Structure formats: C-alpha cells, structure tokens
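Here's the structure we're looking at; comments come further down.
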Amino acid sequence: MPIYRPAFMIPDIPCRRNTFAGTLPQEIVAAFDLLDRDDRVRVVVLTADPKAPAYCAGADISSGWDSLFTKESLKEGPQAHRDTGGKVSLAIYRCRKITVAAVNGHAVGVGFTGLTIPLDFRFAWEGTKMAAPFVRRGIAPEAASSYLLPRLIGYSRASAIFLSGSTFGPDSPLVQGLFHQILPSREEVFPAALAFAKELAENTSQTSVAWTKHLLWRGADSMEEQHILDSRAIRELGMSEDAAEGARAFKERRSIKFTDTLSQNLTSWIPWWREVDINYRKAKL
Amino acid sequence: MPIYRPAFMIPDIPCRRNTFAGTLPQEIVAAFDLLDRDDRVRVVVLTADPKAPAYCAGADISSGWDSLFTKESLKEGPQAHRDTGGKVSLAIYRCRKITVAAVNGHAVGVGFTGLTIPLDFRFAWEGTKMAAPFVRRGIAPEAASSYLLPRLIGYSRASAIFLSGSTFGPDSPLVQGLFHQILPSREEVFPAALAFAKELAENTSQTSVAWTKHLLWRGADSMEEQHILDSRAIRELGMSEDAAEGARAFKERRSIKFTDTLSQNLTSWIPWWREVDINYRKAKL
Amino acid sequence: MPIYRPAFMIPDIPCRRNTFAGTLPQEIVAAFDLLDRDDRVRVVVLTADPKAPAYCAGADISSGWDSLFTKESLKEGPQAHRDTGGKVSLAIYRCRKITVAAVNGHAVGVGFTGLTIPLDFRFAWEGTKMAAPFVRRGIAPEAASSYLLPRLIGYSRASAIFLSGSTFGPDSPLVQGLFHQILPSREEVFPAALAFAKELAENTSQTSVAWTKHLLWRGADSMEEQHILDSRAIRELGMSEDAAEGARAFKERRSIKFTDTLSQNLTSWIPWWREVDINYRKAKL
C-alpha cells in the first residue's frame, strides 16, 4: 500500500498578532505529539497565515506576567512551575520526524525561541523581525532556548542575541547558519518550505531520520562512546528493509520507496538515554 | 533614588606594549570582582589607551617563562600552579554584568585569550592583529581559552586558530561571529563600545542579565533539564518588580526604569550548580 | 641532529572511484597509528590522486550492506559490531600530530564523515561534491560524525547536512568555517596543503601540538576545571626545552628549532581522561 505523506500545517490563530496565548500552546503540543506517532507523516511544516500580523508575536503581556502561572503551580511552590514555551519546544524537539519552520512573519520572544529555533530547518521571509528581548523585559530566556541556541549557532552569537535583546532579521550576522533559506516575500515562504518538505518526504527513510536525530541530540560525550552508539545504529538499520531498498535503488538508479515505519521497525533499543521526568511531583494527589 | 550606571574603563598600563605583567592581572581580577558586586554597575567596558602600542601584547617572555611561576607553587609540586591568565578570564567570566571588550589595538596571546574572548561582546579596530601562537612558542593555550573558544565559534575555527598559531584580523573567516562590531580606526572603538554599553545599561534588567548568563554558561546537559531550570528562572523573575516594570513599560510604550539589583533581588537559589574550588590545598598551612 | 619532518601521503587506491573498501580502511588506521608514534612526523597530509574519479566515493553498496558486517560480529550479537568508518575516524582523531585533509575530489558518505571532517585542517577543490546522504539510503550517519560535525560547525548546519542528505560544495553556507582553504583546481589542493604543512612542521612544537589537541578535545566540562587542566599544561610545558627555545627565538628574532618529542618529552600525566575501551568483550575467547 502506498503511504500518503502529508506535510502538515498547524492552523494559525491570527487574532492578537498571533500571540502565544489561549489554547495555541496546547494545540501545538498535541499536534506534534500526534505527528510524531502517525506513521503516515514524514515531514512537518509549521507556519502561519502570511496575512496575519506576525508569525508569532510572543506572549501576551498586556496585563503583566500573571497569565504565565497557574494557580495550582503557585500553590505548590517555586519548583512546580513548568514554562509553557518549554512544553512547546520540547514537543517539537521530541518529534522524530523532520520539522520545518516556515517563518513568514515577525517572530518575537517565544515566537523565536519556541516556534522557530526548535525545528530542524528554518525558512524565513527576509523582512522578518526577530528578537529575544527578555533582558529588556525583566524576565529570563525560556523554551529551553538557552540550551538550544548556543548549540545551534555557537555561544558567541547566542549570547549576543540574548544579552542585547536586539531586533534582527534572518540575514543578520547574528543568526548566520540558522536559516536554511531566506525568501523575498511572505507569500513565498510556505510554498518553498512545502516543496522542500515534499522532496524529503519522498526520499528519506523514517527510521533513518529518527536514528539521525537521536544520534545528534541524544549522543554520547566522547568520540569513542559515539562510535559505539553509531555502530549499533549501523547494525540495527543496516539489516532493515529501508537500507536494502536504499542500496537497490542506488544500484538500479531509480527513485526510492521507503516503507519502514517508526511504529513497526524502530528497534526496542531506543531510547538508549536516560529520560528525564519533567513533571512536578505534587504534594497531594 | 535614581541609580547612576557607569560604564567602566580599566586604566591601561601603556608601558612595555601593554604586556600582561606586573600588577596588571591582579588589578583586573580585583576590578571585575568589584564591578560584579557593585549594584550601580550594569555594563563593564574593558579597553586600552588607543595610542598605546597594543591592546595587550601578551606575556612578557623576554627573559623566558620563569616569571609565570611563583616560588611557592614550584615548591608545592606540579598540581599547585594556577595560570595567571586563567585567573583573569575566570574573573571576567564570573562577572554577572554585561561585559564588553573594546579591542583598540593588537591582542596577542593572553591579550586575545584572557582579555578578548571571555567578555560577552567584542568590539575591535579592523587593523587589530590577533594571534594565539602557543604551538609556535612551545607552550599551551591558557586562560581556559581551550574551553571558551570552541564553544564561542565552534571547534573547526578554534582548532585552526590554536593549531596554526597564525595571525589574523577581526574580519578574518577564522573568527566569524566573534566580534559584534568592527571599527575602521582605533579611536572609534571605545566610543562605539561605550554608546552600546550605555544603551544596554539604561534598558536591561540587572537580575535578568545575571539569570541569562547563568542559564547560558551554567545550564543543564539536556533540553529537559534546561526546561526545568528556565521554568524556575521564569518563576523567580516573573514575579519580580523588574518583570512588572517590563510589562508596564511595554504596555504604556514608555522608556523603562529597572530597579532590582543583584544584592537585593537575586534569589538564594543561585548558584544552582556545583561550584568548583580552584585553589590548591597547600601541604602546610 | 636535524630531524627530517616529512608530510605524509596515504597511497590512494584509484580503483572503483576510491570506494572505502578492501584493505583501505585498515591501511589508513595503521598509517595514522604509525604516524602518531613516529617522532620524525609533525604534520600529516591525507590526499588522493587528483586524477582519481573521487577523493573518496564512500562505501561500496553495489551488493547491499552485507559487506559492512563480519560473520564473527553477527554471531556475537547486536552489540558486537564496530563501524569501519568509525575505526578510521578514531585513528585520525587520536593522532597527536597536526592532520590536514587535501580533498582534491568528491567526498561522499564516509569520504566526508571519515576522511574529511576528522582532520584538523581541511583544504578542498572548489568543485568538490560532498554529501552525507544516509537518510536517503536507509542508514545512519557513521564514523562518529554525529559527534564531530555539530561540534565543528554547530548543530544548525550539521543537522541540516545530515537530515537533508543534500549535495554541497566546500563554499556552501552549510559548511562555512569547515574548510581552511578552497582551491580552484584539483591539482592545486595537495601542493597548497603541503606548503601549509611544511611551514607548520618547521615552526611548531610537537609537544605543544599534542597538549593543545588534548586540551581542546579531552577538556573539562567547566571553565574552572579547564583552568586547572591548562594550568597543569602550562606548568609541564613551561619548563620544557621547547618553551625555552620558544622564548629564546622570540627574543633573538630568529627562526626556531624545536627538539622535544612525544616519546621523550610528553609527561606521564597524559592521558588525564578516562579512556573508553571500544572493543567488544567476546563471549568466548
């Protein structure tokens, strides 16, 4: 049975400049959890309506920061709070499919930290205004961006972005290497990302992609240990149907048809890393 | 009471091409310790006299390397030595304020490793000659630069800088991303850095800056653990007066007045990391 | 006695587009082990015949992936396999001399991951086609490249290279900072690399180079611990003959003659790190 491979678009919420509010965060978390599990999905594209005022204008702080906190977490004490932006970026980070951000409008605050940097590929409109202006608002960088950004583009640039809180575009030296493609108009961003996604959906192995993402982000602390890890990866994947198809298609110089799926063909050896429980243990259940 | 926010300039010692000698290292350590603690200080600018022969020409090795070692450390054995450049770069690294290097002259050896790379932002004269020529002198990279430089700009460039020991300018591909601004004349470097520093001193929260630097450099080893860390940061800062002022000023579209200080408003949860004792335990006290 | 300092060239195997097959991997491992130990060697250059169809066209998968596995490792179970590309990249990575890749032809798969990125400096022909197309073959990135590449050029670029599996040249934004020099013709690559290597062989200290590589790649997890490490390096090297010669030559403004060697003058304190055993413990001996 041929498998349909949709690229996915999160429905945007154009009200209030696409602020990160209401049910938007939970919807994105739920969507990426689902897209991670649905074997029919190979590549995910996240975008907004190109006519919306922004890709995502960040948190709505028009009435202060109280909306960040739930009554329950406040009652439980300072350890109980879990940042909403972080829930979103973790859901994206944990998605084992290829993820693509089509940033077709301004991306400020969590619009940058939570909805731009955690995806594997970033396409952007050249006029996009971006900022991580936390030091100018009396708050901290969130969405685990202080983990991701220095690893993505180095501590020199990441530190300059966070400590200046300045506004920059996708072609700024500050984010060199962060964007895969920069488009001249807002309308061109999603089609370019979608064409890129479709080509990858047709020609990449779902299991290979998952192993590759895990080796990159859940890898070892030394060359030697990584050698042991990727030897295991080669051993597990090398005997798979997708690898056999990869070799055959290469030899026969024909287009490829990968059929292995995460639910059926990902070995039980994953995860090999210690999974960290991010839930707070409540005082009373 | 309005708080005066000076940008700070270390008095340079123009003798001997600003070599890293005499009391200069101890003075810089003492200055950064003080600047870290003084609540009136928000941004620190380190520079030299633009008419001096160099920003810092490195250690004075005209009579060999003996001056590196104290008699006491030699007597205590090979574990007792503590590198002077490292004491300086650690003092700068530990400073919880924004730090800016105004590199208005040549920066060689520890002038590069100890007085340029450990600061948060680097401004430089385009004619600056820089080098980390340790392999060409029979010595090792110092000032913890083998930790900092690969993280700042990646191992490919850092390794090329250290293993070639070559001389380069701030616009060299070898240091792409390391310098925030490059100026055409020596005289323009400090004024540009100072204007940048003043804008940041006016518009950034002291507590936000400290949390941001800690999250970046004292962060966790995984996305999940960083999510727990920055959730705590959001919880602590989100209820602060600076955050409230940040939201109010944003809503009212007016300039901001942050008043929280490190001595009064930094929560007792910092440091959350294990502090490493760098002192040597002497055989006899 | 003046020491002859050869730059070394691995004999290439031009058959089958320089595929990574037959005895080539073992020969490279053996060569780098030897070059690491031979005190006469200061810099190693790895290259191919510029008339060969490729620098290295990757593994030969014309008859599937079975050739990856030995019968013995298959019998021992999934933990027993050790990736051949990883053995090569580890041998290069562990070599304590300066290593230079003269990539004078296409470098695909392990030609990129195993024979290009693990060397300290990379020279390339501007027409070189490179790719890490594992996700397009149903297999995983190998040769510990998922450890090395993100550290060399950041996770953003490394992830884009592995997850797209696309073909790129040495001047692509995807590998910015990875290549030390890019040459217009295949024939110019090796001479340029050799001239660079000879200059370094004449003017760098063998012990300094080894310490520098170890500090970079076997360093500590914090600034404080790195300060303790490099203080020890300064202490050990600072009293060496090479350091004395370094200071004398600098003072006398003459060319330098380093004489310390790894076998005679590297202190017993190396290695300071925990060495990881990468061999598989066989069920029966």
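The values are calculated or read from the model by the stated rules, or taken from the named source; none is laboratory data. Keep in mind it's a predicted model, so treat the numbers as computed, not measured. Neighbour counts are summed over all protein chains in view; Cβ atoms, including those assigned to glycine, are modelled from backbone coordinates with ideal geometry. Ligands, DNA and RNA are stripped out before the accessible areas are found, and what is left, the full protein with its side chains, is counted by its heavy atoms. Shrake-Rupley method; radii C 1.70, N 1.55, O 1.52, S 1.80 Å.
Some values worked out for this structure:
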| quantity | calculated |
| --- | --- |
| Where a residue in the range A:106-120 is in contact (Cβ under 8 Å) with a residue 40 or more places away in the chain and assigned by TED's automatic domain parsing to the domain that holds A:THR47 and its partner, wherever it lies, is among the basic types (Lys, Arg) and open to solvent by 10 Å² or more (accessible area, probe 1.4 Å), with Cβ under 9 Å and at least six apart | A:HIS106/A:ARG17; A:HIS106/A:LYS129; A:ALA107/A:LYS129; A:VAL108/A:LYS129; A:GLY109/A:ARG137; A:GLY114/A:LYS87; A:ASP120/A:LYS213 |
| Criterion: touching a Leu at 6+ places or on another chain (Cβ under 6 Å), part of a helix (DSSP H, G or I) and under 28 Å from B:ASN265 (Cβ atoms) - qualifying residue of A:SER156, A:SER67, A:SER146 | A:SER146 |
| Elements of type helices (runs of 4 or more DSSP H) contained in the range A:173-274, each with 1 or more residues being of a type in the set (Gly, Ala, Ser) and facing chain C (nearest Cβ under 7 Å) | A:206-217, A:223-238, A:241-252 |
| Filtered residue count, the range C:73-90, keeping only those that are within 26 Å of the chain's Cα centre (by Cα) and surrounded by fewer than 16 Cβ atoms within 10 Å (Cβ to Cβ) | 1 |
| Qualifying residue in the range A:266-280 (condition: open to solvent by less than 30 Å² (accessible area, probe 1.4 Å), within 30 Å of A:ALA48 (Cβ to Cβ) and in contact (Cβ under 8 Å) with a residue 60 or more places away in the chain) | no |
| Boolean, A:VAL209 is under 22 Å from A:VAL41 (Cα atoms), open to solvent by less than 40 Å² (accessible area, probe 1.4 Å) and not assigned by TED's automatic domain parsing to the domain that holds A:THR99 | yes |
| Near pairs, Cβ below 8 angstrom, 6+ apart or cross-chain, from the range A:167-190 (on the phi > 0 side of the Ramachandran plot) to any residue that is open to solvent by less than 30 Å² (accessible area, probe 1.4 Å) and in a loop (DSSP other than H, G, I, E, B) | A:GLY177/C:GLY154 |
| Of all residues making up the range C:23-58, the number that are in a loop (DSSP other than H, G, I, E, B), acidic (Asp, Glu) and buried (at least 17 other Cβ atoms within 10 Å of the Cβ) | 1 |
| Boolean, C:GLU252 is of a type outside the set (Gly, Ala, Ser), open to solvent by 30 Å² or more (accessible area, probe 1.4 Å), free of Cβ contacts under 8 Å to residues at least 40 places away in the same chain and not assigned by TED's automatic domain parsing to the domain that holds C:PHE123 | yes |
| Checklist (1) assigned to a helix (DSSP H, G or I); (2) open to solvent by 50 Å² or more (accessible area, probe 1.4 Å) applied to C:SER62, failing item | (1) |
| Within the range C:102-120, tally of residues that are more than 20 Å from C:VAL135 (Cα to Cα) and either at pLDDT below 95 or touching an Asp or Glu at 6+ places or on another chain (Cβ under 8 Å) (or both) | 1 |
| Residues located in the range C:181-195, provided they are surrounded by fewer than 22 Cβ atoms within 10 Å (Cβ to Cβ) and closer than 25 Å to C:ARG151 by Cβ | C:GLN181, C:ILE182 |
| Residue match in the range A:163-172 (condition: in a helix (DSSP H, G or I), within 8 Å of chain B (Cβ to nearest Cβ) and crowded, with 18+ Cβ neighbours inside 10 Å) | yes |
| Selection from the range A:113-143 of residues that are touching a Pro at 6+ places or on another chain (Cβ under 9 Å) and in a helix (DSSP H, G or I) | A:THR113, A:PHE134, A:VAL135 |
| Evaluation of B:ARG42 against (1) under 26 Å from C:ARG248 (Cβ atoms); (2) modelled with pLDDT of 95 or more (one fails), failing number | (1) |
| Count of the range A:143-157 residues which are touching a Ser or Thr at 6+ places or on another chain (Cβ under 6 Å) and buried (at least 24 other Cβ atoms within 10 Å of the Cβ) | 4 |
| Scan of the range A:115-142 for residues that are of a type in the set (Val, Ile, Thr) and either open to solvent by 10 Å² or more (accessible area, probe 1.4 Å) or facing another protein chain (nearest Cβ under 9 Å) (or both), ordered by number | A:ILE117, A:VAL135, A:ILE139 |
| A:VAL100 being under 25 Å from C:LEU163 (Cα atoms), part of a helix (DSSP H, G or I), open to solvent by less than 40 Å² (accessible area, probe 1.4 Å) and in contact (Cβ under 8 Å) with a residue 24 or more places away in the chain | no |
| Qualifying positions in the range A:212-249 - under 17 Å from C:LEU149 (Cβ atoms) and open to solvent by 30 Å² or more (accessible area, probe 1.4 Å) | A:TRP217, A:ARG218, A:GLY219, A:ASP221, A:GLU225 |
| Any hit, the range A:220-235, residues being among the small types (Gly, Ala, Ser), within 22 Å of B:MET223 (Cα to Cα) and out of contact with any Asp or Glu (no Cβ under 6 Å at 6 or more places or on another chain) | yes |
| Selected residue (criterion: nearest to the other protein chains (Cβ to nearest Cβ)) from residues of the range A:70-97 that are assigned to a loop (DSSP other than H, G, I, E, B) and closer than 28 Å to A:ARG186 by Cβ | A:LYS97 |
| Near pairs, Cβ below 6 angstrom, 6+ apart or cross-chain, from the range B:146-165 (in the same structural domain as B:ASP83 (by TED's automatic domain parsing)) to any residue that is charged (D, E, K, R) and at pLDDT 95 or above | B:TYR155/C:ARG151; B:SER159/C:ASP120; B:LEU163/C:ASP120; B:GLY165/B:ARG136 |
